[in-house]
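The values are calculated or read from the model by the stated rules, or taken from the named source; none is laboratory data. None of the values given here were measured: they were computed from a predicted structure. All Cβ positions, glycine included, derive from the backbone under ideal geometry; neighbour counts span all protein chains shown.
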Amino acid sequence: MMRSMFSGVSGLRAHQLMLDVVSNNIANVNSNGFKANRVLFADTFSQTLRNAAGVARNDASVNPIQVGLGVTVRATAAQFSTGSFQLTDRPFDTAISGDGFFVVNVGGEELYTRSGSFSIDAFNNLVDGSGGLVQGWLAGEDGNLVPVGALQTINFNEYQSIPAQSTQTLGIIGQLSPNTEIGTTVGSLAKVIDGLGTENQISVRFTKTGANTWDMNLYDADNNAVGATVALEFDPASGNLVLPTTPPTATFTPPTSGADPFTFSIDLTSQSTGLHQYGANTVVTITQDGRGPGALKDFGIAENGQISARYSNGVIKNIAQISVATFGNNEGLEKVGETHYRNSQVSGEPVRGIAGENDAGSIKSGVLEMSNVDLAREFTDLILAQRGFQASSRIITTSDEMIQELVNLKR
């Protein structure tokens, strides 16, 4: 049989595979996070009919005579350019702007994906579109988020609510008028929150005792004293507080809620400008840092992958960190379906870290990365695959006609 016929057969196979790859690219033009593939051809083994040889001096050398035996597909290479972004406004729709992959656990195996269409399943796990468990780090019991150590499944069971916190600091800001007559009492209403989240009303009263001295007293709603009298002294030149030099404290016993007594400090200096004695009028503002219990309302995702939760009591806290993995050779990753990849010997080991650091791209929330398939290029490649297939088939039919001529020599 003629070598040309087998070359034609190899051309048919190679261009059929090219057609398969191009068709798959076109079919996934709307698959989130999909990366297009391209086919790389190479010639196969060549049969040597005459080796190259050197001859005597001043004579011509002899070049080799070789006949190629067809074409083969050397590789299919994924193109990892970033696709365009589609705005969705869903907080858990995320995309990586730059290099990197989300890390997911599927059936106990760590896989990687560019598709960031996440949601929360029935078990409060953060999952991707195919049910893969998104991996990252969770905040500790103290609320600190340290993205180090082994990856964890991001689960929100422990973050559905936050308990009440009793008032720890009562901040007093404002001014007491130096024109107030000695013996006069001025005051302001405030609230403190106990350990069960109940608001309790208190009043803060200032009684002028001298030219630059005042007594401060706290009372509950039943006019019972809360803590001891605090003597205040102001600098006559600047109006700044001189005494006390350390924040006083007071212990409050909730009258109705049944909560335990709690102690709070009274901050007279570090809240904004603190408490002073100057101005024509007395103006006092009182703040406190207690809060009631809160239920989880919604989430937000920052560019570094930190997930923050907002609660019904107004508290916003970081609760988790999404991990981003990078590889030395993205084209060495193996596709396993559902836009997931598996690392291989040639891709290198994953470097798991934080978005925006160590060459990893940043995370965009409320958008999805679309496929990077270029339809104009794919349709052009489709034509090339078709023409290459037709040309290879012509090789076979021409070779068949030549063989037929040889057979006819016998007649």
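So the values come out like this:
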quantity	calculated
Search result, residues across the stretch 27-43 that are in contact with a helix residue (DSSP H, G or I) (Cβ under 8 Å, 6 or more places away or on another chain) and surrounded by fewer than 16 Cβ atoms within 10 Å (Cβ to Cβ)	Val29, Phe41
Qualifying positions in the stretch 116-149 - surrounded by fewer than 21 Cβ atoms within 10 Å (Cβ to Cβ), acidic (Asp, Glu) and more than 22 Å from Val315 (Cα to Cα)	Asp121
Output for the stretch 310-340, where each listed residue is over 25 Å from Asn358 (Cα atoms) and of a type outside the set (Val, Ile, Thr)	Arg310, Tyr311, Ser312, Asn313, Gly314, Lys317, Gly337, Glu338
Selected residue (only one of Ser323, Ser312, Ser308, Ser365 is in contact with a Lys or Arg (Cβ under 9 Å, 6 or more places away or on another chain) and free of Cβ contacts under 8 Å to residues at least 12 places away in the same chain)	Ser308
Matching entry among Ala259, Ala280 (being among the aliphatic types (A, V, I, L, M) and either surrounded by fewer than 18 Cβ atoms within 10 Å (Cβ to Cβ) or touching a Cys at 6+ places or on another chain (Cβ under 6 Å) (or both))	Ala280
Thr263 vs. criteria at pLDDT below 90 and on the phi < 0 side of the Ramachandran plot	no
Answer from Gly279, Gly210 - the residue that is in contact (Cβ under 8 Å) with a residue 60 or more places away in the chain and of a type outside the set (D, E, K, R)	Gly279
Thr251 under 20 Å from Ser177 (Cα atoms) and without any contact (Cβ under 8 Å) to a residue 40 or more places away in the chain	no
Residues that are under 18 Å from Leu333 (Cβ atoms), of a type outside the set (S, T, N, Q) and out of contact with any helix residue (DSSP H, G or I) (no Cβ under 7 Å at 6 or more places or on another chain), drawn from the stretch 75-94	Ala75, Gly83
Total residues in the stretch 293-310, condition over 21 Å from the mean Cα position of the chain (by Cα) and surrounded by fewer than 19 Cβ atoms within 10 Å (Cβ to Cβ)	2
Subset of the stretch 51-102 [on the phi > 0 side of the Ramachandran plot and modelled with pLDDT under 85]	Asn58
Output for the stretch 167-195, where each listed residue is assigned to a loop (DSSP other than H, G, I, E, B), touching a residue at least 60 places away in the same chain (Cβ under 8 Å) and closer than 30 Å to Val242 by Cβ	Thr167, Gln168, Leu176, Ser177, Pro178, Asn179, Thr180
Members of the stretch 383-411 found to be in contact with a helix residue (DSSP H, G or I) (Cβ under 6 Å, 6 or more places away or on another chain), within 11 Å of His15 (Cβ to Cβ) and of a type outside the set (S, T, N, Q), listed by number	Ala385, Gly388, Phe389
Test: Gly143 is in contact (Cβ under 8 Å) with a residue 60 or more places away in the chain, assigned to a strand (DSSP E or B) and at positive phi	no
Meets criteria (in the same structural domain as Thr94 (by TED's automatic domain parsing) and touching a strand residue (DSSP E or B) at 6+ places or on another chain (Cβ under 7 Å)) for Gly332	no
Residues located in the stretch 201-238, provided they are touching a Phe, Trp or Tyr at 6+ places or on another chain (Cβ under 7 Å) and among the polar types (S, T, N, Q)	Ser203, Thr207, Asn212
Flag if Asp400 is over 19 Å from Ser84 (Cα atoms), in contact with an Asp or Glu (Cβ under 9 Å, 6 or more places away or on another chain) and at pLDDT below 95	no
Total residues in the stretch 60-108, condition assigned to a loop (DSSP other than H, G, I, E, B) and within 22 Å of Asn30 (Cβ to Cβ)	10
Those strands (runs of 3 or more DSSP E) lying entirely in the stretch 223-282 with at least 1 residues farther than 20 Å from Ile173 by Cβ	249-252, 262-267
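Residues checked against (1) closer than 27 Å to Arg38 by Cβ; (2) more than 17 Å from the chain's Cα centre (by Cα); (3) small (Gly, Ala, Ser):
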{"position": "Arg74", "(1), (2), (3)": "yes, yes, no"}
{"position": "Ala77", "(1), (2), (3)": "yes, yes, yes"}
{"position": "Ser81", "(1), (2), (3)": "yes, yes, yes"}
{"position": "Gln86", "(1), (2), (3)": "yes, no, no"}
{"position": "Pro91", "(1), (2), (3)": "no, no, no"}
{"position": "Asp99", "(1), (2), (3)": "yes, no, no"}
{"position": "Val103", "(1), (2), (3)": "yes, no, no"}
{"position": "Thr113", "(1), (2), (3)": "yes, no, no"}
{"position": "Gly116", "(1), (2), (3)": "yes, no, yes"}
